[in-house]
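Below is one structure, written out as structure tokens; comments come after it.
The values are calculated or read from the model by the stated rules, or taken from the named source; none is laboratory data. What you see is a predicted model; the values in this text were computed from it and never measured. Glycine also receives a Cβ, built like all others from the backbone with ideal geometry; neighbour counts cover every protein chain displayed. With ligands, DNA and RNA removed, areas are computed over all heavy atoms of the protein, side chains included. Shrake-Rupley method; radii C 1.70, N 1.55, O 1.52, S 1.80 Å.
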Amino acid sequence: MNRVFSGIQPTGSLHLGNYLGALKRFVEMQDDYGCIYCIVDLHAITMPYDPAELRASTREVTAGFLAAGLDPSRCIVFNQSQCTMHMRLAWMLSCLTPLGWLNRMTQFKEKAGKKRDNASLGLYGYPVLQAADIIGYHATHVPVGEDQKQHLELARDIAGTFNHQFGVEYFPLPEPVITGEATRVMSLRDGTKKMSKSDESDYSRINLTDDRDTIAKKFRKARTDSEPGVTYDAENRPEASNLITIYAALADSTRQQVVDQFASAQFSDFKKQLTELAVEKLGPVGEEMKRLSADPGHVDGVLRDGAERANQIAEPIQRDVEEIMGFLVP
Ligand code: TYM
């Protein structure tokens, strides 16, 4: 059986990279597989954080999931901390994961920075928790952006190690689904840097909560180069190429089609059209998020129901794992 699992951290606002690289694709897959989409709050506490902000952000990201088109009657939407399998399985898997594998994780190196000794054990073990998230549901497909590729490879390795060590064919090896035009959306200020929640400049990203005027202003101010035409060349024209990628993903088209469509246009005209398209596609999402944010009771209800359904899938798997590993399950 095919099952999809994916997650997004409730740290800061959802941005266009999360939307095009992950969320929009979650929506596209929701009828093809049994889909489980998670607001990964346990991952969000691996760096210093504020409890009130975590609570607010968990609701806001849930509102973003719903506003983007996820329908809780067709998929499961819940927050990670409300299903205990994640933590229990993460511990068990961490006892099977060699330190050498974790030492290779580039995201840990980036996030821990120079003060590695001050980073938490949780930040270091984060990819093991991510593996538990996925394999604890027997997920077979995991839609993510390109930056998650290494973590997904680790999840496969951990699943394989479990099977090998205990002589079972228990966990399917999950496959990353890194498809579409916008698997790596770049900053609007610097086309060589990934669009991210942590960039200091708010002009580097489009937040899903930005209103129409703000979206338009950010695209108008997006950095470009002095070449007049619309050509895709990620190496020499990173900012222009990023805008072409964004247009293609928003229009459900391809980069090549966009380049062909604007073959005789000036770049400034293309940018105007992109601005219009972005406002048309993203404006309603932000407005729906605002509407849902005014009704936290509804959002909490979706999460509560989702957690119940997630637990129903995870509990028997957790029990199997405990038996396979030799725990007495009386
Ligand atoms: P997170 O919260 O950083 O990002 C959520 C999703 O958005 C994608 N993404 C991007 N895609 C394209 N361009 C960008 N600039 C961009 N920035 C982010 C990410 O690739 C991701 O798919 N560790 C994960 C969350 C996680 C998870 C999981 C994912 C926890 N457990 C299990 C899948 C399965 C993370 O921090 O994503």
Segment 132-157 - residue that is open to solvent by less than 10 Å² (accessible area, probe 1.4 Å) and part of a strand (DSSP E or B) and, of those, nearest to Leu173 (Cα to Cα): Val142
Those helices (runs of 4 or more DSSP H) lying entirely in segment 233-330 with at least 2 residues touching a residue at least 40 places away in the same chain (Cβ under 8 Å) and surrounded by 15 or more Cβ atoms within 10 Å (Cβ to Cβ): 238-250, 267-293, 296-325
Total residues in segment 176-198, condition more than 24 Å from Val27 (Cβ to Cβ), at pLDDT 95 or above and within 10 Å of the ligand (Cβ to nearest atom): 2
Options Thr224, Thr161: the member that is surrounded by fewer than 18 Cβ atoms within 10 Å (Cβ to Cβ), in a helix (DSSP H, G or I), among the β-branched types (Val, Ile, Thr) and in contact (Cβ under 8 Å) with a residue 24 or more places away in the chain: Thr161
Residues being among the polar types (S, T, N, Q), out of contact with any strand residue (DSSP E or B) (no Cβ under 6 Å at 6 or more places or on another chain) and more than 9 Å from the ligand (Cβ to nearest atom) - total across segment 3-38: 1
Qualifying positions in segment 39-78 - open to solvent by 60 Å² or more (accessible area, probe 1.4 Å) and either within 11 Å of the ligand (Cβ to nearest atom) or in contact (Cβ under 8 Å) with a residue 40 or more places away in the chain (or both): Ile45, Met47, Arg59, Arg74
Residues (open to solvent by 10 Å² or more (accessible area, probe 1.4 Å), of a type outside the set (Ser, Thr, Tyr) and in a helix (DSSP H, G or I)) located in segment 1-19: Gly17, Asn18
Any chance Leu66 is hydrophobic (A, V, I, L, M, F, W, C), under 19 Å from Val299 (Cα atoms) and not in a strand (DSSP E or B): yes
